[in-house]
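Colleague: Starting off with a structure, shown below.
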Ligand code: PGA
């Protein structure tokens, strides 16, 4: 049975001065049976958020990690540095791909490093608008999955709890969302890609989230799709009212899937 996950990606927002309060508020307003909650603040707020969430069943995630264990990489953060601060990590976010030149091959190395460190990865994939308009979104996402996952050990990734997040780039921060049917079709396509990579039954057990302008208003439709297992939320994840409503919606899905007891 796949979990229902709601993951907050705060991106380059909040400061250590306000992140703790925001995390606590969101945690207190999103307690819903059967829903796995994750908050991914900026690196510099990881300790504050971790401390703010003591006693809450909310995991803390990083938004990225370097693929080397240590060394002369000015400005970068290693998995060892995240020990005790984060248990999840977002990898291959489209903003990392677009603004920081991350390639599928690099993201694969980050995956290896994250898994070795016991971090639970959220691997992001998704097409740009031109790809969707040309009808090649499934091919693009398949290539991203292949590029990051081919040759890697599905069982080890499954043991690490890998989650895939489908985030169409044209929907991120734009107010446009994929239709629920499109999100579901891509979730199915992602699992088909995993099967083609030799993942076997692990593919069906891998959670696939949707991300891209998820709000309280649209999350219900998206989570009503049996192949979609949660959401990666950016802008709305900074708003406690939105997160409360998103969690409530996720709770309905969890209950419907028998996860809430
Ligand atoms: P958004 O961001 O919800 O602001 O579109 C989602 C994401 O980038 O993870």
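The values are calculated or read from the model by the stated rules, or taken from the named source; none is laboratory data. Every value quoted in this text rests on a predicted model; they were computed, and no experiment measured them. Positions of Cβ are generated from backbone atoms using ideal geometry, with glycine treated the same way; all protein chains shown enter the neighbour counts.
Colleague: Looking only at segment 62-105, count every residue that is in a helix (DSSP H, G or I), more than 13 Å from the ligand (Cβ to nearest atom) and in contact with a helix residue (DSSP H, G or I) (Cβ under 9 Å, 6 or more places away or on another chain) and tell me the total. I'd like the intermediate steps shown before the answer.
Modeller: We begin by selecting, within segment 62-105, every residue in a helix (DSSP H, G or I); these are 79-82, 94-100, 104-105.
Of the ones still in play, those that are also more than 13 Å from the ligand (Cβ to nearest atom) are 79-82, 100, 104-105.
Going one step further and asking which of them are in contact with a helix residue (DSSP H, G or I) (Cβ under 9 Å, 6 or more places away or on another chain), we end up with 79, 81-82, 104-105.
Residues in segment 62-105 being in a helix (DSSP H, G or I), more than 13 Å from the ligand (Cβ to nearest atom) and in contact with a helix residue (DSSP H, G or I) (Cβ under 9 Å, 6 or more places away or on another chain): 5 in total.
Colleague: Here's a follow-up. Please enumerate the residues belonging to segment 170-185 that are in contact with a helix residue (DSSP H, G or I) (Cβ under 8 Å, 6 or more places away or on another chain), part of a helix (DSSP H, G or I) and modelled with pLDDT under 95.
Modeller: Listed by number, the list holds a single entry, 170.
Colleague: Condition first: under 18 Å from the mean Cα position of the chain (by Cα), in a helix (DSSP H, G or I) and in contact (Cβ under 8 Å) with a residue 40 or more places away in the chain. Now tell me which residues in segment 15-61 satisfy that.
Modeller: Answer for segment 15-61, where residues must be under 18 Å from the mean Cα position of the chain (by Cα), in a helix (DSSP H, G or I) and in contact (Cβ under 8 Å) with a residue 40 or more places away in the chain: 26, 46.
Colleague: Look through 215, 253 and report the one residue that is under 18 Å from residue 7 (Cα atoms), surrounded by fewer than 21 Cβ atoms within 10 Å (Cβ to Cβ) and either away from the ligand (no atom under 16 Å from the Cβ) or within 18 Å of the chain's Cα centre (by Cα) (or both).
Modeller: Numbers: 253 fails: surrounded by fewer than 21 Cβ atoms within 10 Å (Cβ to Cβ).
215 is the lone residue from the list that is under 18 Å from residue 7 (Cα atoms), surrounded by fewer than 21 Cβ atoms within 10 Å (Cβ to Cβ) and either away from the ligand (no atom under 16 Å from the Cβ) or within 18 Å of the chain's Cα centre (by Cα) (or both).
Colleague: Could you tell me which numbered condition residue 138 fails, if it satisfies all but one of (1) over 22 Å from residue 231 (Cα atoms); (2) at pLDDT 95 or above?
Modeller: It fails just one condition, (1).
Colleague: Which one of the conditions (1) in contact with a strand residue (DSSP E or B) (Cβ under 7 Å, 6 or more places away or on another chain); (2) within 16 Å of the ligand (Cβ to nearest atom); (3) closer than 22 Å to residue 39 by Cα; (4) not in a strand (DSSP E or B) does residue 144 fail to meet, given that it meets all the rest?
Modeller: Here residue 144 meets the rest and fails (3).
Colleague: Please pick out the residue among 165, 236, 245, 231 that is within 15 Å of the chain's Cα centre (by Cα), within 16 Å of the ligand (Cβ to nearest atom) and part of a helix (DSSP H, G or I). Steps first, answer last, please.
Modeller: On the way: 165 fails: part of a helix (DSSP H, G or I); 245 fails: within 15 Å of the chain's Cα centre (by Cα); 231 fails: part of a helix (DSSP H, G or I).
The match here is 236.
Colleague: Among the numbered criteria (1) within 16 Å of the ligand (Cβ to nearest atom); (2) in contact (Cβ under 8 Å) with a residue 24 or more places away in the chain, which single criterion is violated by residue 197?
Modeller: (1)
Colleague: Can you say whether residue 221 is farther than 15 Å from residue 127 by Cα, away from the ligand (no atom under 16 Å from the Cβ), modelled with pLDDT of 95 or more and in a helix (DSSP H, G or I), as far as the supplied structure shows?
Modeller: For residue 221, the condition - farther than 15 Å from residue 127 by Cα, away from the ligand (no atom under 16 Å from the Cβ), modelled with pLDDT of 95 or more and in a helix (DSSP H, G or I) - is not met.
Colleague: Since residue 175 meets every condition but one in (1) in contact (Cβ under 8 Å) with a residue 40 or more places away in the chain; (2) within 16 Å of the ligand (Cβ to nearest atom), which condition does it not meet?
Modeller: (1)
Colleague: Among the residues of segment 186-212, write down those that are under 23 Å from residue 251 (Cα atoms), touching a helix residue (DSSP H, G or I) at 6+ places or on another chain (Cβ under 8 Å) and either assigned to a helix (DSSP H, G or I) or at pLDDT below 95 (or both).
Modeller: 186, 204, 205
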